[in-house]
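Sharing a structure below in structure tokens format, with a few things to ask.
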Amino acid sequence: MRLVPILLLAATLMPTPPPSHYPRKTNVAHRGASAYAPEHTLAAYRMALEQGADFVEQDLAVTKDGVLICLHDPSLERTTNVEEVFPSRFTEVDFGGRLRRTWLANDFTLAEIKQLDAGSWFDPKFRGERVPTFDEAVALIRGRAGMFPELKTPEIYEGRDVRFEELVAVALDRHGLRGPRADPGTPIILQTFGEGSARRLAAMKIGVPVALLIERGEGWDEARVRSWQGIVQDLAPAKRIVLDNPAFVRWAHDAGLTVTPYTFRSADSGRFPSVAAEMAHFLYTLGVDALFTDNPDLFPRRSVR
Ligand code: G3P
Ligand code: CA
């Protein structure tokens, strides 16, 4: 008769096993090793692997001919020489009441995008780096780290006949990277700021963990955190959300969700003496499970003062 309470007590004292997508504190290279090489180039991804990243992040965009490429912005002008190569191919958009020229990636074919230099803006020594396709990223990273693709700005494809989630699912299938028979050497976690996109991925039973990115903390109480249980497997807040409200981590863990804040960079470590100290505080004091960093070489495997 006393067996049941004793078993219950034992169960409550057992440490919760780490989720299979994060077997240890996890180092996600943000846009590759983007403190040292131009973001989302194979050079940045290669460096992230050399620096020991557990996962390498990709932001995904879709070309005019329906190819997934790795690019943070919806447009090409910040990180390539598109204005020189295709000077007349811009769209004018209203930006806070002023018209601004922009070169949307979705208005260019892959062959056109491959003509662009994606390295010189960062440092002339990277001249000739190209915008990689998702397939090229897989070919480089496969078996050496996990991949953490973000379905970037899904809203810009509305009315453009692009089924972003389906394109990603097809790409993962092509590489054998989702579902029960997925390659264990290349774990995948998808991420999105789009709540609709996260729900579509869940409805599709996408077969890999999904992280919901959160830019602003307002309205994120415990009930809202819990409401994502069973839809996504991770919450990925801007780091200030966790700093302002450390209970966020407990709320997520109680709901069975991991926490992966962004973005940690040597160029901005806030009130901390170094980015390593900042990352250590989040990992070992606030208890987050993983984090996105531009400096994967500085990821602390233990507490740092
Ligand atoms: O995806 C995590 C972090 O990368 C979100 O911010 O703008 O760098 O994609 P962003
Ligand atoms: Ca991102």
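The values are calculated or read from the model by the stated rules, or taken from the named source; none is laboratory data. Quick caveat: nothing in here was measured; it's all calculated off a predicted structure. Every residue, glycine as well, gets a Cβ built from its backbone with ideal geometry; the counts of neighbours run over all protein chains shown.
Take ARG89 and tell me if it is closer than 16 Å to LEU110 by Cα and part of a loop (DSSP other than H, G, I, E, B).
Against the criterion (closer than 16 Å to LEU110 by Cα and part of a loop (DSSP other than H, G, I, E, B)), ARG89 qualifies.
On to the next question. List every residue pair whose Cβ atoms sit under 6 Å apart, with the two residues 6 or more apart in sequence or on different chains, where the first one lies in the stretch 282-300 and is under 23 Å from MET47 (Cβ atoms) and in contact (Cβ under 8 Å) with a residue 12 or more places away in the chain and the second, anywhere, is more than 16 Å from ligand 1 (Cβ to nearest atom) and in a helix (DSSP H, G or I).
LEU298/ALA276; PRO300/ALA276; PRO300/ALA280
Which number in (1) within 16 Å of ligand 2 (Cβ to nearest atom); (2) touching a strand residue (DSSP E or B) at 6+ places or on another chain (Cβ under 7 Å) marks the one condition that THR153 misses?
The one condition THR153 does not meet is (2).
Could you give every pair whose Cβ atoms fall below 9 Å, whose first residue belongs to the stretch 212-223 and is assigned to a loop (DSSP other than H, G, I, E, B), and whose second residue is among the aromatic types (Phe, Trp, Tyr) and surrounded by 10 or more Cβ atoms within 10 Å (Cβ to Cβ), counting only separations of at least 6 or pairs across chains?
Pairs that qualify, where the first residue is assigned to a loop (DSSP other than H, G, I, E, B) and the partner is among the aromatic types (Phe, Trp, Tyr) and surrounded by 10 or more Cβ atoms within 10 Å (Cβ to Cβ), are GLU215/PHE193; GLY217/PHE248; TRP220/PHE248; TRP220/TRP251; ASP221/TRP251.
Within the stretch 183-198, which residues are of a type in the set (Gly, Ala, Ser) and either assigned to a loop (DSSP other than H, G, I, E, B) or at pLDDT below 95 (or both)? Give the derivation first.
Taking the stretch 183-198 as the starting set, the residues that turn out to be of a type in the set (Gly, Ala, Ser) are 185, 194, 196-198.
Answer for the stretch 183-198, where residues must be of a type in the set (Gly, Ala, Ser) and either assigned to a loop (DSSP other than H, G, I, E, B) or at pLDDT below 95 (or both): GLY185, GLY194, GLY196, SER197.
Just give me the residues in the stretch 93-127 being of a type in the set (D, E, K, R) and at pLDDT below 95, in sequence order. Lay out the reasoning, then the answer.
Restricting attention to the stretch 93-127, the residues satisfying the condition of being of a type in the set (D, E, K, R) are 94, 98, 100-101, 107, 112, 114, 117, 123, 125, 127.
Selection gives ASP94, ARG98, ARG100.
Condition check ((1) more than 16 Å from ligand 2 (Cβ to nearest atom); (2) more than 18 Å from ASP135 (Cβ to Cβ)) across all residues:
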site: ARG24; (1), (2): yes, yes
site: VAL28; (1), (2): no, yes
site: LEU42; (1), (2): yes, no
site: LEU60; (1), (2): no, no
site: ARG78; (1), (2): no, yes
site: ARG89; (1), (2): yes, yes
site: ARG100; (1), (2): yes, yes
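Within the set of pairs 6 or more residues apart or between chains, which connect a residue that is farther than 17 Å from ALA61 by Cα inside the stretch 178-205 to a residue that is within 16 Å of ligand 2 (Cβ to nearest atom) and part of a helix (DSSP H, G or I) with Cβ atoms less than 7 Å apart?
THR186/ILE141
Still on this structure, I have one more. Looking at ARG100, ARG78 in this structure, which one is surrounded by fewer than 17 Cβ atoms within 10 Å (Cβ to Cβ), charged (D, E, K, R) and under 26 Å from the mean Cα position of the chain (by Cα)?
Of ARG100, ARG78, the one residue that is surrounded by fewer than 17 Cβ atoms within 10 Å (Cβ to Cβ), charged (D, E, K, R) and under 26 Å from the mean Cα position of the chain (by Cα) is ARG78.
Okay, next question. Taking the stretch 74-93 as the search range and keeping residues that are of a type outside the set (S, T, N, Q) and touching a residue at least 40 places away in the same chain (Cβ under 8 Å), which one is farthest from THR41 (Cα to Cα)? Please lay out each step first, then the result.
Let us first name the residues in the stretch 74-93 that are of a type outside the set (S, T, N, Q), namely 74, 76-78, 82-87, 89-90, 92-93.
From what is left, the residues that are touching a residue at least 40 places away in the same chain (Cβ under 8 Å) are 74, 76, 78.
On the way: PRO74: 16, LEU76: 13, ARG78: 14 Å.
Here the answer is PRO74.
Sticking with this one: Can you tell me which residue among ILE214, ILE241 is within 16 Å of ligand 2 (Cβ to nearest atom) and more than 30 Å from ALA137 (Cα to Cα)? Even if it seems obvious, please write down each step before you answer.
Details: ILE214 fails: more than 30 Å from ALA137 (Cα to Cα).
Sole residue among the options that is within 16 Å of ligand 2 (Cβ to nearest atom) and more than 30 Å from ALA137 (Cα to Cα): ILE241.
Could I ask something else about it? Condition check: in contact (Cβ under 8 Å) with a residue 60 or more places away in the chain and more than 16 Å from ligand 1 (Cβ to nearest atom). Does PRO209 satisfy that?
On the way: in contact (Cβ under 8 Å) with a residue 60 or more places away in the chain: yes; more than 16 Å from ligand 1 (Cβ to nearest atom): no.
When the stated conditions are applied, PRO209 does not pass them.
Pull out all pairs, ordered by first then second residue, where Cβ-Cβ is under 6 Å, the residues are six or more apart or on different chains, the first lies in the stretch 11-33 and is among the β-branched types (Val, Ile, Thr), and the second is at pLDDT 85 or above and surrounded by fewer than 21 Cβ atoms within 10 Å (Cβ to Cβ).
Listed by first residue and then by second, the contacts come to THR26/ASP54.
If we keep just the residues of the stretch 199-211 that are exposed (fewer than 14 other Cβ atoms within 10 Å of the Cβ) and part of a loop (DSSP other than H, G, I, E, B), which is farthest from ligand 2 (Cβ to nearest atom)?
Keep residues of the stretch 199-211 that are exposed (fewer than 14 other Cβ atoms within 10 Å of the Cβ), which gives 203-205.
Now narrow it down to the ones that are part of a loop (DSSP other than H, G, I, E, B): 204-205.
Details: MET204: 21, LYS205: 24 Å.
Only one residue fits best here, namely LYS205.
Out of GLU215, GLU222, report the one residue that is within 16 Å of ligand 1 (Cβ to nearest atom) and either on the phi > 0 side of the Ramachandran plot or surrounded by fewer than 22 Cβ atoms within 10 Å (Cβ to Cβ) (or both). Talk me through it step by step, then tell me what you get.
Details: GLU222 fails: within 16 Å of ligand 1 (Cβ to nearest atom).
Within the list GLU215, GLU222, the selection yields GLU215.
So, in the stretch 147-176, exactly how many residues are within 16 Å of ligand 1 (Cβ to nearest atom) and either in a strand (DSSP E or B) or on the phi > 0 side of the Ramachandran plot (or both)?
Keep residues of the stretch 147-176 that are within 16 Å of ligand 1 (Cβ to nearest atom), which gives 147-156, 164, 168.
Pick out the ones that are also either in a strand (DSSP E or B) or on the phi > 0 side of the Ramachandran plot (or both) and you get 147-151, 153.
Of the residues in that region, 6 qualify.
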